[in-house]
Ligand code: RP5
């Protein structure tokens, strides 16, 4: 279908919808898809721009909501209105990823984090799509024991890896 050629589509019901405004965002946003996949959380990704194809964006958000998506992740650069527009369409939590297109991403960060009252967007660091996926997983884990257990294992593994690589006292 036109305008829906994001990253790999899943056959199972998606629980997270990932949007980004341009193909130029793809490599950074793939990190969200990759981490969700590692955490066994199905997602679907779409290149949809809030200013270039607003109607398709509305339709896709509504469809994914009906299909049971629980959290949206939206990445955008420059005047990064995509996450705020997605948040205006849905009652699902929306996580914004500011992308470094100009001004090292500060323009996008401020555009996303400074949403006016009543329509919030949770905002992660510049280009930190993986943290958006982690936050989405944590939101889902509030009501899904299986995802909670996956995250507990992930944290345990993270600690083990850190302690393996960092043995404590540092001598310079
Ligand atoms: C935003 O403008 C996109 O999210 C992208 O980060 C930026 C530049 O888009 P292109 O001009 O590369 O399509 O809408």
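At-a-glance table
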{"read-out": "For 165, 144, order by how many other beta-carbon atoms lie within 10 Å, fewest first", "value": "165, 144"}
{"read-out": "Average silhouette area of the stretch 14-87, convex hull of alpha-carbon atoms, in square nanometres", "value": "4.4"}
{"read-out": "Nearest-ten-degree value, helix 145-165 long axis tilted from longest Cα axis of the chain", "value": "50"}
{"read-out": "Mean residue ellipticity (222 nm) of the chain, computed from DSSP H runs ≥ 4 via -39,500 (n - 2.57), nearest 500", "value": "-14000 deg cm²/dmol"}
{"read-out": "For the chain, the fraction of alpha-carbon pairs in successive 10 Å shells from zero, as %", "value": "11, 38, 32, 14, 4, 1"}
{"read-out": "Euclidean distance of C-alpha centroids, the stretch 75-120 and the stretch 44-60, integer Å", "value": "14"}
{"read-out": "Exposure proxy order (Cβ contacts within 10 Å, fewest to most) of 20, 172", "value": "172, 20"}
{"read-out": "Proxy reagent accessibility, fewest Cβ within 10 Å first, across 72, 19", "value": "72, 19"}
{"read-out": "Helix axis angle, 54-66 relative to the chain longest principal axis, alpha carbon, degrees", "value": "60"}
{"read-out": "Residue of 22, 45, 146 that the Gaussian network model of the chain assigns the largest fluctuation, springs spanning Cα pairs under 10 Å", "value": "146"}
{"read-out": "Residue 164-residue 27 pseudo-label distance in nm [points 7 Å out on the Cα-to-Cβ vector]", "value": "2.8"}
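Values in this text are rule-based calculations from the coordinates and carry no lab data. Owing to the predicted nature of the structure, the values given are computational and were not obtained by experimental measurement. When we count neighbours, we look across all protein chains shown, and the Cβ atoms used for this are built from the backbone with ideal geometry, even at glycine.
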